[in-house]
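Below is one structure; the comments refer to it alone.
The values are calculated or read from the model by the stated rules, or taken from the named source; none is laboratory data. Worth saying up front: this structure is predicted, and the values here are computed from it rather than measured. Don't worry about glycine lacking a Cβ; one is built from the backbone with ideal geometry, like all the others, and counts go over all protein chains shown. Just so you know, the surface numbers come from the protein's heavy atoms only, side chains and all, with ligands and any DNA or RNA stripped out. Shrake-Rupley method; radii C 1.70, N 1.55, O 1.52, S 1.80 Å.
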Amino acid sequence: MPRLMRMAVVVVALAALSAAVALLWLSPDPSYTFQEWIFSSRFHRYDALIVAAAQRKDLDPKLVKAIVWRESAFQPRKVGTSKERGLMQVSLAAAKDWAKAEKIETFSPADLFDPKTNLDAGVWYFHRALDHWKPKPDAVPFALAEYNAGRKGVERWLVQASLKDDASAEDLLAAISSTSTRQYIEDIEKRYQFYTKRGRL
């Protein structure tokens, strides 16, 4: 390769590297952006399924993707510590409620490793939680708390803090005694804002 051509290749490579560094520097979350570049296929493989599942329940796909990111980091074969399965880490009890409500008689726990089935079940469960908390001005943190800790857990925290029906999302966050659940809500809301700010999944 002639010397001039080698220099041109080096200049182009340096320019591309500089552009990549600049993009990372400008990103509101450089760590996530870098991971997204490295694992692009995994981070975006299920976007169409996420959009379809979210739209069926009139939810924002960016919020659903934020939940998927937090629950499984887009790994459809993940199994949680309490045997939650798949992209949205759906419990067997929640999946059975979904299958009964949707009249799916052939449901098997192994079906939760299928991305579409898992997203349908997880979105159904989250939508049900949102519907329960819809009288709240901001129902999302309440629904996320329920998705993570169960409805009884959320209601227990509200009772322990002597909070009534007019409890706000800020009141809830202050009342939650579980650091992991509070962090779970904050992580998802931050990721949701990240997707919203950039205008895409």
Out of curiosity, is residue 188 aliphatic (A, V, I, L, M), part of a helix (DSSP H, G or I) and at negative phi? yes
Original post:
Would you call residue 137 open to solvent by 60 Å² or more (accessible area, probe 1.4 Å) and part of a loop (DSSP other than H, G, I, E, B)?
Top reply: yes
Has the range 105-128 got at least one residue that is surrounded by fewer than 17 Cβ atoms within 10 Å (Cβ to Cβ) and touching a His at 6+ places or on another chain (Cβ under 9 Å)? no
If we keep only residues of the range 97-116 that are in a helix (DSSP H, G or I) and in contact (Cβ under 8 Å) with a residue 24 or more places away in the chain, then the residue nearest to residue 77 (Cα to Cα) is 113
Taking the range 58-104 and the residues there that are within 10 Å of the chain's Cα centre (by Cα) and β-branched (Val, Ile, Thr), the one that is surrounded by the fewest Cβ atoms within 10 Å (Cβ to Cβ) would be 64
Within the range 140-167, residues more than 16 Å from the chain's Cα centre (by Cα) and either of a type in the set (A, V, I, L, M, F, W, C) or not in a helix (DSSP H, G or I) (or both) come out as 150, 154, 157, 158, 159, 161, 162, 163, 164, 165, 166, 167
